[in-house]
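Asker: Quick one: the structure is below, questions incoming.
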Ligand code: UDX
C-alpha cells in the first residue's frame, strides 16, 4: 500500500516539500499552526515568491479544477497522527534574538504536539536545520510520549534547497542524506525517495549526528568559499589585481570549482549567516570551538564587505559625506529570483548610506513590498530607470537578470553622473564603459 505523508510546518521548506511529495504521487496532509498560511496555500498561493511553486501547488491542492487532489491541509494534530506513515517536520529554526544560537522552540513544540497522537506505526523525519544533538533529544520525546511505543521512531533528513530553486532542488536533489537508527526507518525513506534515487540521486545513510552536521557543514563550506574570494578581493584591491580573473583562473582547477566564487557584498538571507553562527555556538557548547574559530572570521569578512561597499561609494563620490548625494540602489533582496530581504546585504548597504545622509532610491524586481516594510524610510522607485533618474551614483547590489539586460546608454541619459558601482561583480564592465560610465567594483582594477 502506498505510504501516506504528512508535512508539519508550511513555510518555505514545508510548502515546497508537501507539494513535491504530492508530485511524487503520495497522498499528503500538511499542518500549520497559523490558519492564514493554510488558507493561502489552499488558494494555490504562497506568501513568498518562488518560481514554479504556485503552479506545483495548484497541480495538487485538493479543490482545484484539474488538480490531483493529493495535497490537503489541516490544523488537527489527531488527524495528522491518524493519517501519516511518515511525518516530515519542516518548521523553522531562526537565530535567537541577540544570540548566535538558533531557536529550537518550534521544532520542539512540533514534535511534542505530534508525539501523543502517534497511535499507529510511524516515522517522524526531521528536515529542519538544527544544532547537532537535537535529533537524539527529539527521539527521546517521541519515545516518552507516543502511545504506539517503539513503533514510532525518528529519522533525520536534512534539506539543501536554495531559494529561487526550491522546487527543482526538492524534486531533483544533488543527494539525499538520511540519519537513521533502524533498518525499518531506512527502508521507509528509500520508499519515499524511490523516484529521485531511481534517477541516479546518491542516497547517503548515516547516524543522527552526522546527518545533522552534513547540513551545517555544507552551508559553512559555501560561506567559506564566498568569504575566501572576498578576502582575495581585498588583497587584489591593495595590489591592483583583478579578483574576477583570479576566481576564473583558480576555478578551472576542479578541486576548487567555479561556483560560489563571485566576490562582492557577500552572503545574506535566512540560512547561511544564521547557520554558521548557530554552528559556532553549538561547537562552543561541545567544547570543540577551536576547530571552528575560522568561521568567526568567515562571518566578519562577510559583514565587512558591506561597509567596504559603502566606503567605495563614498570615495568615488569625492570622499566627503553622502549629504546631498542621490544614490540609486538596484536590488533589495539577498539574491536574485527571490523576494526575501532577510539579512540582505543590499538593503544593509542602502540603509548605511541613508543613515549617513545620502538620498537613496531603491528598485528591486520582486522585493519592493518586503523592503518597504523593513526599511520604510528609504526611497523607492517603480523601475530601474526611475531609480537612476537624477542619481549621482548607481549601486548594483543584487544580481537580477533584469539589471544585466539594462541599456547603459538609456540609463546614462537620465543619471546626473555616469558612475556605476557593481557590488556583485555581475555586470559587463566594457558595456558600461563604452556607454560613458565609470565602472567600479570591489577587487577590480579601475580601468
Ligand atoms: C543556501 C544554500 O545554498 C542551500 O543549500 C541551503 O539549503 C540554504 O542556504 P540560499 O540561502 O537560498 O541557500 O542562498 P544561496 O544561493 O546559497 O546564496 C547565499 C548568498 O550568497 C546570497 O546572498 C548570494 O548573493 C551570496 N553569494 C553566492 C555570493 O556573494 N557569491 C557567490 O559566489 C555565491
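Asker: Give the angle, between 0 and 90 degrees and rounded to the nearest 10, that separates the Cα long axis of helix 183-192 from the longest principal axis of the Cα atoms of the chain.
Answerer: 60
Asker: Under 17 Å from a point placed 7 Å out from the Cα of residue 182 along the Cα-to-Cβ direction: which residues of the range 64-84 have their backbone N that close?
Answerer: Inside the label zone: 84.
Asker: How high is the relative contact order of the range 4-206, given as a whole-number percent (alpha carbon pairs under 8 Å, six or more residues apart)? Let's see the in-between values first.
Answerer: On the way: 397 pairs, mean separation 36.9, N = 203.
That works out to 18 percent.
Asker: Taking 0.36 nm per residue of sequence separation and subtracting the Cα-Cα distance, how much length would be gained by fully extending the chain between residue 258 and residue 240, in nm to one decimal? Kindly include the intermediate steps, with their values, before the conclusion.
Answerer: Numbers: separation 18, 0.36 × 18 = 6.48 nm, distance 2.21 nm.
Length gained between residue 258 and residue 240: 4.3 nm.
Asker: If packing is taken as the average number of other Cβ atoms within 10 Å across a peptide's residues, how do 368-375, 175-182 rank, most packed first? Display every interim value, and only then the final one.
Answerer: Values: 368-375: 17.1, 175-182: 19.2.
Going by the mean number of other Cβ atoms within 10 Å, highest first, we get 175-182, 368-375.
Asker: Using the count of nearby Cβ atoms within 10 Å as a rough guide to exposure, how do 87, 172, 17 rank from fewest to most?
Answerer: Details: 87 29, 172 14, 17 25.
Lowest count first: 172, 17, 87.
Asker: Compute the long axis of helix 293-316 from its Cα atoms, compare it with the longest principal axis of the Cα atoms of the chain, and write down the angle in degrees, 0 to 90, nearest 10.
Answerer: 30
Asker: Going by C-beta contacts inside 10 Å, put 10, 446, 361 in order with the fewest on the left. Display every interim value, and only then the final one.
Answerer: Values: 10 26, 446 10, 361 21.
Ascending Cβ contact count within 10 Å gives the list 446, 361, 10.
Asker: Below 8 Å between Cα atoms, with a sequence gap of 6+, how large is the relative contact order for the chain in percent? Don't jump to the answer; show the numbers that get you there.
Answerer: Numbers: 924 pairs, mean separation 50.9, N = 447.
Once divided by the residue count of the chain, the mean separation gives 11 percent.
Asker: Bin width 10 Å, alpha-carbon pairs only: give the P(r) of the chain as whole percents, running from 0 to the bin holding the largest distance.
Answerer: Taking all Cα pairs of the chain, the binned fractions are 4, 20, 27, 23, 16, 8, 2, 0 percent.
Asker: Compute the length gained on full extension between residue 195 and residue 303: take 0.36 nm times their separation in residues and subtract their Cα-Cα distance, giving the result in nm to one decimal. Please list the in-between numbers first.
Answerer: Details: separation 108, 0.36 × 108 = 38.88 nm, distance 4.08 nm.
Extra length from residue 195 to residue 303 when fully extended: 34.8 nm.
Asker: In addition: Could you list the residues of the range 265-304 with an amide nitrogen less than 18 Å from a label point located 7 Å from the Cα of residue 99 in the Cα-to-C-beta direction?
Answerer: 274-289
Asker: If you don't mind, there's one more thing I want to ask. Can you tell me the convex hull volume per residue for the range 118-193, based on C-alpha atoms, in Å³ to the nearest whole number? Write down the numbers at each step before the final one.
Answerer: Numbers: hull volume 7.6 nm³, N = 76.
Taking the convex hull of the Cα positions in the range 118-193, it is 100 Å³ per residue.
Asker: Here's a follow-up. When the helices in the chain are scored as -39500 (n - 2.57) per DSSP H run of 4 or longer and the sum is shared across all residues, what 222 nm value do you end up with, to the nearest 500 deg cm²/dmol? If you can, show how the numbers build up before the last one.
Answerer: Details: 19 runs with 198 residues, N = 447.
Computed mean residue ellipticity for the chain: -13000 deg cm²/dmol.
Asker: At 7 Å along Cα-to-Cβ for each site, give me the label-to-label distance between residue 250 and residue 446 in nm.
Answerer: 2.6
Asker: Sticking with this one: How are the C-alpha pair distances of the range 174-215 spread across 10 Å bins, as whole percents from the shortest bin up?
Answerer: Calculated P(r), rounded to whole percents: 30, 56, 14.
Asker: Here is a follow-up. Once label points are set 7 Å from the Cα along Cα→Cβ at both residue 431 and residue 416, what is their separation, rounded to one decimal in nm?
Answerer: The modelled label-to-label distance comes out at 2.7 nm.
Asker: What is the gain in length, in nm to one decimal, between residue 65 and residue 386 on full extension, counting 0.36 nm per residue of separation less the C-alpha to C-alpha distance?
Answerer: Details: separation 321, 0.36 × 321 = 115.56 nm, distance 4.09 nm.
Going from the current span to full extension adds 111.5 nm.
Asker: Based on the mean of other beta carbon atoms within 10 Å per residue, what is the order of 207-215, 135-143, 305-313, most packed first?
Answerer: Values: 207-215: 19.4, 135-143: 17.8, 305-313: 21.0.
Per-residue mean Cβ counts within 10 Å order the peptides as 305-313, 207-215, 135-143.
Asker: Order of 382, 407, 103, 339 from fewest to most other C-beta atoms within 10 Å? Walk me through the numbers before you get to the answer.
Answerer: Details: 382 9, 407 12, 103 16, 339 20.
Lowest count first: 382, 407, 103, 339.
Asker: Here's something else I'd like to know. Give the separation of the Cα centroids, the range 193-209 to the range 54-124, in Å.
Answerer: 21
Asker: Hey, how many Å between the Cα centroid of the range 414-434 and the Cα centroid of the range 284-314?
Answerer: 28
Asker: Which of the three applies to the range 4-206, rounded, prolate or oblate, going by the alpha-carbon gyration tensor with a ≥ b ≥ c and a/c under 1.5 meaning rounded? Don't jump to the answer; show the numbers that get you there.
Answerer: Numbers: a/c = 1.27, a/b = 1.24, b/c = 1.03.
Taking the square roots of the gyration eigenvalues as a ≥ b ≥ c, the range 4-206 is rounded.
Asker: Compute the angle between helix 272-286 and the longest alpha-carbon principal axis of the chain, please, reported from 0 to 90 degrees and rounded to the nearest 10.
Answerer: For 272-286 against the chain, the angle is about 60 degrees.
Asker: Label-point separation (nm) for residue 286 and residue 205, each offset 7 Å from Cα along Cα-to-Cβ?
Answerer: 2.3
Asker: Would you compute the Debye intensity of the range 212-266 from its alpha-carbon atoms alone, equal scatterers and no solvent, and pass along log10 I(q)/I(0) at q = 0.15, 0.26, 0.31 Å⁻¹ to two decimals?
Answerer: Taken in order of the listed q values, log10 I(q)/I(0) reads -0.44, -1.00, -1.20.
Asker: When the Kirkwood hydrodynamic radius is evaluated over all pairs of different C-alpha atoms of the range 1-73, what value in angstrom, to one decimal, is obtained? Before the final figure, lay out each step's value.
Answerer: Values: mean 1/r = 0.0851 Å⁻¹.
11.7 Å is the Kirkwood radius here.
Asker: Let me ask you something else. With only alpha-carbon atoms counted, please give the Rg and Dmax of the range 318-445, in Å.
Answerer: 13.3, 38
Asker: Per residue, what volume in Å³ does the Cα convex hull of the range 207-447 take up? Could the numbers behind the result be given before it?
Answerer: Working: hull volume 33.6 nm³, N = 241.
Once divided by residue count, the hull of the range 207-447 is 139 Å³.
Asker: For the range 237-301, state what percent of all Cα-Cα pairs lands in each successive 5 Å bin, counting from 0 Å until the bin that includes the largest distance.
Answerer: Pairs per bin, as whole percents: 4, 14, 17, 17, 18, 16, 10, 4, 1.
Asker: For the chain, what proportion of DSSP beta bridges, expressed in % and rounded to the nearest 5, is antiparallel?
Answerer: Working: 2 of 47 bridges.
So the antiparallel bridges in the chain amount to around 5 percent.
Every number here is computed from the coordinates shown, using simple stated rules; none is lab data. The shown structure was predicted, so the numbers you read here are calculated from the model rather than taken from an experiment. Because the Cβ atoms are built from the backbone with ideal geometry, glycine has one as well, and the counts that use them run over all protein chains shown.
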